[in-house]
């Protein structure tokens with residue numbers, strides 16, 4: 001039986017944190033972002049891969065996308081399915097995934113298309129396609145539809161529900177702050193023919209900690225202490241949860257629990273606690289612990305070095321950060337793109353562009369793990385002062401073979417909107433849409449606020465209504481802005497009537 005979560009939450013005055021903290025989980029404690037915020041990889045982790053723009057599927061997927069854009073919300077489901085049938089598509093796994101990934105922020109279009117695919121003769125979607133639609137629906141908090149898809153999978157073939165499927169669903173429950181549902185889904189594994197094993201339990205804890213429900217995760221950890229043969233990885237998950245939450249006091253408490261337990265801290269344990277110290281501004285203490293690792297023969301890896309470098313840069317101790325950067329090569333700890341990104345981010349802030357260019361050229365020459373990525377160019381774009389500079393950065397990005405991501409498009413959209421370059425705003429929007437990388441909630445938010453600043457209230461309201469119609473939840477500040485727009489439009493209408 002699952003432990004009683006609700007009484008615990010009431011007793012501890014547990015708070016729900018509305019702001020999500022997405023974390024890509026790696027197999028080990030290595031960071032793909034600017035610092036060290038990524039915990040241990042969950043073996044059941046689901047990460048949608050980029051949309052393949054091969055000629056074979058690109059044209060057909062684009063055709064479906066254009067059709068759904070034109071008729072969704074205007075036609076009945078039956079009429080939409082008939083229109084899809086008239087396209088005479090040859091359904092394949094890659095085509096289905098391509099279409100679904102183009103509608104990550106538009107669950108209605110994705111769900112209508114997927115149901116049509118399921119009912120199409122001669123094709124039956126596989127686990128990958130089911131996991132994709134589950135992730136889309138869960139992301140938009142459409143859990144009624146999630147249950148319908150799971151029921152359909154069970155009816156067709158229980159083997160369709162895999163460990164990855166479990167990871168998708170439990171993660172989306174945690175993201176929606178549905179702690180009890182996430183826990184109950186762990187126990188439902190038996191119904192799907194899956195074992196209640198330690199790895200699955202770690203996935204549950206990882207998902208809860210990822211979305212800041214660390215108290216609940218630690219409660220579950222202690223309540224199941226005798227059910228699983230826990231290891232240091234399980235304790236690292238909880239420790240990292242307190243780190244993500246930004247509670248140094250609790251991180252210290254749990255660190256001491258680890259030290260006094262039968263489990264020996266590994267380099268990831270050290271790395272997590274060092275990260276907690278740097279996030280709390282205790283960079284000097286973090287550096288001491290970092291140096292102590294070398295002394296104890298526990299060699300820090302690149303992720304820990306990255307954490308220290310970023311922490312030093314944040315405290316404006318850039319010369320010390322550059323010194324550790326130099327030491328990494330001397331001690332056979334090769335820097336990666338995250339190392340360079342940390343330095344570039346902070347060097348851009350103080351406008352040391354000559355050093356930034358030197359590091360960027362070094363990244364390009366090294367390639368591999370050091371090759372510039374979208375985040376690298378994002379820091380450069382943030383330094384752009386005019387549209388032509390953005391164009392040059394994008395040209396270099398393309399020349400280096402770095403693909404655009406949704407965040408990059410949104411950043412460019414915000415820059416062009418701020419400069420009032422409507423032509424480039426429009427072309428960016430179209431390109432983002434064509435490449436299946438948006439528009440998402442952030443894109444619409446940029447448009448609403450940007451158009452409001454330009455005095456185009458009706459256009460701002462149009463984009464807001466479009467966002468809401470797609471099932472996206474507006475930020476509180478955007479809702480307040482729309483209330484102000486409606487008041488202004490009403491006042492304008494009243495003045496117009498009085499003049500008549």
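Here, each number is a calculation from the coordinates, and none is a lab measurement. This one's a predicted model, so the numbers in the text were calculated from it and none came from an experiment. Here the Cβ positions follow ideal geometry from the backbone for every residue, glycine too, while neighbour counts run over all protein chains shown.
Listing 121, 496 from fewest to most neighbouring C-beta atoms within 10 Å gives 121, 496. Taking every Cα-Cα distance in region 253-293 and sorting them into 5 Å bins starting at zero, the pair-distance distribution P(r) comes out as 6, 24, 30, 26, 11, 3, 0 percent.
Note on residue 296 and residue 489: the extension gain reaches 62.7 nm, defined as 0.36 nm multiplied by sequence separation minus the Cα-Cα distance. Estimated translational diffusion coefficient (Stokes-Einstein, Kirkwood radius over Cα pairs, 25 °C, 0.890 mPa s) of region 436-500: 197 µm² per second.
Here each label is just a point 7 Å from Cα along the line to Cβ, and for residue 70 and residue 468 those points are 2.8 nm apart. Ellipsoid fit via the Cα gyration tensor, region 169-218: semi-axes of 18, 11, 8 Å, each the root of five times an eigenvalue, largest first. Considering every Cα-Cα pair within region 51-188, what fraction, in whole percent, is farther apart than 18 Å? Of all Cα-Cα distances in region 51-188, 55 percent exceed 18 Å. For region 192-320, take the alpha-carbon Rg, divide it by the Kirkwood Rh, and send me Rg/Rh. Reported Rg/Rh, Kirkwood definition of Rh: 1.01. Inverting the pair-averaged 1/r between distinct Cα atoms of region 329-400 gives 12.5 Å as its Kirkwood hydrodynamic radius. Here region 324-480 has an Rg and Dmax of 18.1, 60 Å, counting Cα atoms alone. The stretch between residue 477 and residue 198, if pulled fully straight at 0.36 nm per residue, gains 96.3 nm over its current Cα-Cα span. Each of 379, 187 has some number of other Cβ atoms within 10 Å of its Cβ, and from fewest to most they run 187, 379.
Taking 0.36 nm per residue of separation and subtracting the current Cα-Cα distance, fully stretching the chain between residue 82 and residue 120 would add 12.6 nm.
In the chain, the C-alpha radius of gyration followed by the widest Cα-Cα span (Dmax) gives 24.8, 84 angstrom. Across region 178-252, Cα-Cα distances exceeding 16 Å account for 46% of all pairs. Converting the Cα gyration tensor eigenvalues of region 127-265 into ellipsoid dimensions via √(5λ) gives semi-axes, longest first, of 30, 16, 10 Å. Among 356, 287, the order by Cβ neighbours within 10 angstrom, fewest to most, reads 287, 356.
Whole Å is fine, so just give me how far the alpha carbon centre of region 340-354 lies from that of region 212-254. Region 340-354 and region 212-254 have Cα centres spaced 35 Å from each other. Backbone N atoms of region 347-390 closer than 16 Å to the 7 Å Cα→Cβ label point of residue 329 belong to residues 355-371.
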